[in-house]
Structure formats: C-alpha cells, structure tokens
Amino acid sequence: VTAWPDRRFLELTGARLPIVQAPMAGSSGVRMAIAALQAGAVGSLPCALLSPDQVATQVAEVRRDAAGPLNLNFFCHELGVAPDERAWRALLAPFYAAEGVAAPSGAPVLRLPFDAAMCDMVEALRPEIVSFHFGLPESTLFARVKATGARILASATIVAEARWLAERGVDAIIAQGFEAGGHAGWFLDRHRPVGLASLVRGMVATVDLPVIAAGGIADAKGMAGALTLGASAVQIGTAYLNTPESLAPPAHRALLGTDAETVFTNLLSGRAARGFVNHLMAELGAMRAEAPVFPYSSIALAPLRAHAEADGRGDYSPFWAGQSAALVRPQPAHDFTERLARDALALITGDF
Ligand SMILES: Cc1cc2nc3c(=O)[nH]c(=O)nc-3n(C[C@H](O)[C@H](O)[C@H](O)COP(=O)(O)O)c2cc1C
C-alpha cells in the first residue's frame, strides 16, 4: 500500500487513515463511531448533550466492538445568566398559534459546557482523543485532561484562534471553514467566517501543529484538495449524515443529495450554525437579534419542534449540513470511509 505522505496526524492519533468522523451531537452516536474506527479513521462520540454516566455507557458500547482512537467531543461555551426572552417569545407567538401548541414553561434542560464532573469521567475513561468546540475549558480542567495523556484537538475558525489554541497546548487544530455544517466553533470576539482554502493555508503557515481540515469535504477530490493545501487530515460531518449509522431523521436525510440551500442561522440555538433553510428561517430570516444567546434560544422552540417532527416536518428543526450536502449519497459509514481514503490517496500520489 502506498503510504500517506504527511504522517503527523497518523502518528499523533494512531489512526490508520487521516480522517476524523466528525462528532455530531444529536445526529451521530455509538454506531457511527464504531463504523469509523473499524475502517481505520478516528471515531468520535459527541458528548455535548450527554451526562457523564451516558458518556461512560457509550464508550463501553464502542469498546465492545471496536479498538482504535476514540474521540470524545465537548462544548466549551460560557453559560451566562438566563437572558430576557420576551422579544423572542413575541416573535414566536404566531408560530405557537399556527401550530396550536403552548409556549414552554418550567425549568429548561440546557446544554452544559465541559465541567469538573465531566472531567472526572474523562479521567476515568481515558479516551485516546478529546476534542473541544467553542474554545477550551478553563486552564485547570484543560491541564487535567492533558494529564490523562489524551491528544487534544480543538476547532478554530480564524488563524488567531489557531494560534491561541497552540499557545495553550492543543495537539492539533481543526480548521473549520465557513462551509462546515453545524455550529461555527468561533470563540474570539465574534464570528468571522473564512473559507476552508484560506483558513488551511493561513494556519499551516502560522502554527506548527497538524491541521485537520473541516467544512464541505464530502468526496475524495475534496479530501485530496484539503491535503494538498497542507492539511494533515480531514474532519467530515455532513457526508456521514445519510449512512445507516446516522441518527438523522428522514426529513433531514431527504434534503441531502439535493440542491437545497444551507445558510448560517442563529434562530435554532442562539449561535451561528449552518443548516438547511426551514420554515422558521424562511419566515423570520436566518439571523435575528431577538434570538437569545446560545444555548437558550432552543428552549422556546422545543414544543414547536416536537409538534412538527411528530408530523414528519422539520419546520423548526436544526437540520445542520455543510455546503457540499448536494454531493452526499446514502451509503454505509464504513464503506464510505474506506473508499474516501483509498481514492484520495490515489489522487494525491498519482497512483491510479
Ligand atoms: C449535524 C451536525 C452536527 C454537528 N455537531 C457537532 C458537535 O456536536 N461537535 C462539534 O465539534 N462539531 C459538530 N459539528 C461540526 C463538525 O465537527 C464539522 O465541523 C463539520 O461537520 C464539517 O463540515 P461538513 O459538515 O461540511 O463535513 C456538526 C456538524 C453537523 C453537520
């Protein structure tokens, strides 16, 4: 077999292929991580919506069927005080009326950032890899994760964020271009969308760490292109959404492989995330000042979303997807991963 020319990511992670199956909270889980690991990639478990005990259960389930580098992924947003939601609820009032559902009341369930309890669990589980989105946890928690021996990956959306992460001891940078599906992982000041080609070139020139290209990579030419730009590996999300291992509902899958548009929206969570345009976004516009800060804006939407989804409608659902969603075909995650790597390697080595 021809070897990958850039081995930095492979040596760092122990993976056979320079591919990270992206963690996709709500859309991927144990089965997809197993399939990716079995194919030789880094398999990821999105943990942002899980309790520490649920993380332990899922890791055990993965370990029953697959060895290899497992990545546990966490969010590092700052959870501020609950914002004033009056303007947001007023904006949603016509939607509650049209759907015939009541606005939610009572204590919401919120996405929690990586905290001490989760850190205890990481110390107990000792995953090969931990990845962070929206920056890093505070320094004592970061030091504890590092001390477990886990390789640490983190998303950056501008070169300055990559430099910030490198200075704090991250082992590899996930260069998340604006093409990427899901939440933009920006964490310095504000969201400044940069395309993947400029981002990868800028980071490779500036930071002496392996760069993992993420955003809009859905086939071998895309992967070969990213590696040619200087990335050591790729992280792929959307292309895994139409696999049997995906947790995406039928209404989400139905948009993959079509020319349906993806845009950044803050309506569904309170932070810019790229996904298919839904009814709510079409009616209100995708970015609104009234949407409460992440993760609060999802609370008022929950009853609308549940009501529509029970009907098979994604009118209020976050159907995250990247800009290459049109290229996605239904196929098993294992086969996709293997074929992608084989064809990309042939393209970059000229070995057809
Ligand atoms: C449905 C979906 C959910 C996602 N959830 C997460 C997540 O939980 N954690 C994370 O770090 N990134 C998440 N992402 C972003 C991916 O890590 C990655 O940046 C992105 O998928 C790459 O672009 P692509 O979707 O065009 O391949 C998600 C992406 C999608 C499409």
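Of all residues being in contact with a Pro (Cβ under 9 Å, 6 or more places away or on another chain) and more than 24 Å from Ser269 (Cα to Cα) in the range 145-188, which is surrounded by the fewest Cβ atoms within 10 Å (Cβ to Cβ)? Just the residue, please.
Looking at residues that are in contact with a Pro (Cβ under 9 Å, 6 or more places away or on another chain) and more than 24 Å from Ser269 (Cα to Cα), I get Thr148.
Among the residues of the range 289-312, is there at least one that is within 25 Å of Leu112 (Cα to Cα) and touching a strand residue (DSSP E or B) at 6+ places or on another chain (Cβ under 7 Å)?
Scanning the range 289-312 turns up no residue that is within 25 Å of Leu112 (Cα to Cα) and touching a strand residue (DSSP E or B) at 6+ places or on another chain (Cβ under 7 Å).
Which numbered condition trips up Leu72, out of (1) free of Cβ contacts under 8 Å to residues at least 24 places away in the same chain; (2) touching a Pro at 6+ places or on another chain (Cβ under 6 Å)?
(1)
Please indicate, with yes or no, whether at least one residue in the range 265-281 is surrounded by fewer than 24 Cβ atoms within 10 Å (Cβ to Cβ), more than 10 Å from the ligand (Cβ to nearest atom), in a helix (DSSP H, G or I) and of a type in the set (Lys, Arg).
No, every residue in the range 265-281 fails to be surrounded by fewer than 24 Cβ atoms within 10 Å (Cβ to Cβ), more than 10 Å from the ligand (Cβ to nearest atom), in a helix (DSSP H, G or I) and of a type in the set (Lys, Arg).
Test Ala41 against the criterion of being surrounded by 13 or more Cβ atoms within 10 Å (Cβ to Cβ), touching a Lys or Arg at 6+ places or on another chain (Cβ under 9 Å) and modelled with pLDDT of 95 or more, and give yes or no.
Yes; evaluated as a whole, the condition is true for this residue.
List pairs: first in the range 157-183 and within 8 Å of the ligand (Cβ to nearest atom), second in a helix (DSSP H, G or I), Cβ under 7 Å, 6+ apart or cross-chain?
Here the result reads Gly177/Leu196; Gly177/Leu199; Glu179/Leu196; Gly181/Thr238, each pair linking the range 157-183 to a residue that is in a helix (DSSP H, G or I).
Return only the number of the condition from (1) within 16 Å of the ligand (Cβ to nearest atom); (2) assigned to a helix (DSSP H, G or I) that Trp186 does not satisfy.
(2)
Checking the condition more than 14 Å from the ligand (Cβ to nearest atom) and outside any loop (DSSP other than H, G, I, E, B), which residue from Leu199, Leu209, Leu227 passes?
Leu227
Among the residues of the range 290-308, which ones are touching a Ser or Thr at 6+ places or on another chain (Cβ under 6 Å) and either over 23 Å from His191 (Cα atoms) or aliphatic (A, V, I, L, M) (or both)?
Ala291, Arg305
I want to confirm something. Restricting to the range 53-98 and keeping residues that are farther than 30 Å from Arg151 by Cα and surrounded by 17 or more Cβ atoms within 10 Å (Cβ to Cβ), which single residue is modelled with the lowest pLDDT?
Glu85
Quick check on the range 246-264: of everything there that is closer than 20 Å to Phe75 by Cβ and of a type in the set (A, V, I, L, M), which residue is surrounded by the most Cβ atoms within 10 Å (Cβ to Cβ)?
Selected residue: Ala248.
Could you list all residues from the range 99-115 that are surrounded by fewer than 12 Cβ atoms within 10 Å (Cβ to Cβ) and either hydroxyl-bearing (Ser, Thr, Tyr) or touching a helix residue (DSSP H, G or I) at 6+ places or on another chain (Cβ under 9 Å) (or both)?
Residues satisfying the conditions are Gly100, Ala102, Ser105, Val109.
Out of curiosity, is Arg313 part of a loop (DSSP other than H, G, I, E, B) and either more than 21 Å from the chain's Cα centre (by Cα) or of a type in the set (Val, Ile, Thr) (or both)?
Considered against the rule, which asks whether it is part of a loop (DSSP other than H, G, I, E, B) and either more than 21 Å from the chain's Cα centre (by Cα) or of a type in the set (Val, Ile, Thr) (or both), Arg313 comes out as yes.
What residue, among those in the range 290-333 that are of a type outside the set (Val, Ile, Thr), more than 18 Å from Ala97 (Cα to Cα) and surrounded by fewer than 20 Cβ atoms within 10 Å (Cβ to Cβ), is nearest to the ligand (Cβ to nearest atom)?
Leu327
Output the residues belonging to the range 149-181 that are over 21 Å from Val122 (Cα atoms), small (Gly, Ala, Ser) and touching a Gly at 6+ places or on another chain (Cβ under 6 Å). Write out each step before concluding.
Within the range 149-181, the first condition is being over 21 Å from Val122 (Cα atoms), and the residues that meet it are 156-164, 166-167, 175-181.
This time we only want the ones that are small (Gly, Ala, Ser), so: 156, 160, 162, 166, 175, 177, 180-181.
Matches in the range 149-181: Gly177, Ala180, Gly181.
Take the conditions in contact with a Ser or Thr (Cβ under 8 Å, 6 or more places away or on another chain) and either without any contact (Cβ under 8 Å) to a residue 24 or more places away in the chain or farther than 20 Å from Gln21 by Cα (or both) and apply them to Val194. Does it pass?
yes
The values are calculated or read from the model by the stated rules, or taken from the named source; none is laboratory data. Computed from a predicted model, the values in this text were never measured in an experiment. Cβ atoms come from the backbone with ideal geometry, glycine included; neighbour counts cover every protein chain shown.
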